[in-house]
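These notes are about the structure you will find just below.
Derivation of every value follows stated rules applied to the coordinates shown; laboratory data play no part. Here the structure is a predicted model, which means the values were calculated and not measured. As a convention, Cβ positions derive from the backbone with ideal geometry for all residues, glycine included, and neighbour counts pool all protein chains shown.
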Amino acid sequence: MRKIVIGLLTRVSGNVNANEIEGDRIRIKKLVSIDGETYPFVSARAVKRGIREKFVEWGFEVDQFRIGEGEKLADSGDPIKYVDNDLFGYLYIKGNRQRPRVSPISMSPIIAVKHTPIEIDFGGRFPKEIGETNPTPFEIEVADFIGLMKVVITERCGIFTESEKTDQIKKWDEYVKENKVQKETRNKALYVLEDEERIKRVTAFLEILFNEGWAYPRRANYFAMAEHFSAIVYCGEKLYPVWKNFDENYQFTQPNILIEDREKLFGPYNLKIASVLKEDIEKMATWLVTGQWKK
């Protein structure tokens, strides 16, 4: 299976993806090693939320969620209409019936690459009624760190199976009649978007991931944007950990891997001084969908 394997080093500052509240303290998400070292992180779910918002700017429709069991918000389960249901997958639940779509894009959390001290920021909640002046103090755990995110994109983007069908109002066969998706039955029943649409979706994701960035979710209290340092990309059928080695300036170094004729290594890119070339992104997306390198 064709895949794009990505390593991304990016800076995170503040508390952009808070953990639980303990008393008057808002905790930061963090891992603690067996040696007692602290590694703050940002969850992949928080990053995906920011990317979803950017998809709207690209003109895509994203899942507005439906009212599911127990009046709770749930995935709509329409990967043909909603780009995030396609690229990030879903779990459609109705009664005892579940229809999952495993995400064709796998993303790790952004985890600090070295031990990072956690600092305390103080704040206060001030009453809104006239005459009340005493604020309620609270504490926020914050950190400033360089984190590593690993991303793997497979060629399943824009390809759907019968097992992923849901009972939404808009049936997949209706999309076939509208020529928005093709049904293939050679090996097993597959519904496939047009190559142009698949390339468009993968290109948008890569442009947002590398060049445009996203706003982290807690921006009402602490605005923070993605701030990348370096990226490296492998396109092929193997799962090379190209993100393993980087220098003291947080720049990826050339990995010692054997690149065959149908494979390519893009980068390392110094994202502090330049963006990933649009031509490179178009080559990656076109190859992932068609298996051919764009000339």
**Distance between segment 144-170 and segment 206-267 - C-alpha centres, whole angstrom** = 18
**Prompt:** Spin-label point model (7 Å from Cα, Cβ direction): what's the D121 to T290 distance in nm?
**Reply:** 4.7
**Request:** Can you find, among L31, Q182, S275, the residue farthest towards the positive end of the dipole of the chain? Put +1 on the C-beta of Lys and Arg, -1 on that of Asp and Glu.
**Result:** Q182
**Item:** Two-site label geometry, N96 and E139: point separation in nm, points 7 Å out along Cα→Cβ
**Value:** 5.0
**Asked** Which of the following values of Kirkwood radius over Cα pairs in Å was calculated from the structure shown: [x] 21.2; [y] 19.6; [z] 20.5?
**Response** [x]
**Efficiency of FRET between D195 and L258 - r from beta-carbon atoms, R0 45 angstrom, step 0.05** = 0.95
**Request:** Apply the Karplus parameterisation 6.51 cos²θ - 1.76 cosθ + 1.60, with θ equal to phi minus 60°, to every residue of segment 92-98 and state each ³J(HN,Hα) to the nearest whole Hz, in sequence, with x for glycine and proline.
**Result:** 8, 10, 8, x, 8, 9, 10
**Prompt:** Given the options I153, I111, I208, which has the most mean-square fluctuation in a GNM of the chain, springs set between C-alpha atoms less than 10 angstrom apart?
**Reply:** I208
**Item:** Scattering profile of segment 208-295 at q = 0.12, 0.21, 0.25 Å⁻¹ [log10 I(q)/I(0), Debye over alpha-carbon scatterers]
**Value:** -0.45, -1.09, -1.28
**Message:** Please give the charge dipole size of the chain, origin at the Cα centre, charges +1 on K and R Cβ atoms and -1 on D and E Cβ atoms. Round to the nearest 20 debye.
**Reply:** 820
**Item:** For the chain, calculated [θ]222 nm from helices alone, where every DSSP H run of n ≥ 4 adds -39500 (n - 2.57)
**Value:** -5000 deg cm²/dmol
**Prompt:** Taking the highest mean first, how do the peptides 37-47, 5-15, 274-284 order by number of other beta carbon atoms within 10 angstrom per residue?
**Reply:** 5-15, 37-47, 274-284
**Cβ crowding within 10 Å averaged over residues, with 235-245, 95-105 ranked highest first** = 235-245, 95-105
**Prompt:** Tell me, what is the percent relative contact order of the chain, built from C-alpha pairs under 8 Å that lie six or more residues apart?
**Reply:** 25
**Prompt:** Of I153, F252, M1, which is farthest on the positive side of the dipole of the chain, counting Cα position, with +1 on Lys and Arg Cβ, -1 on Asp and Glu Cβ, and the Cα centre as origin?
**Reply:** M1
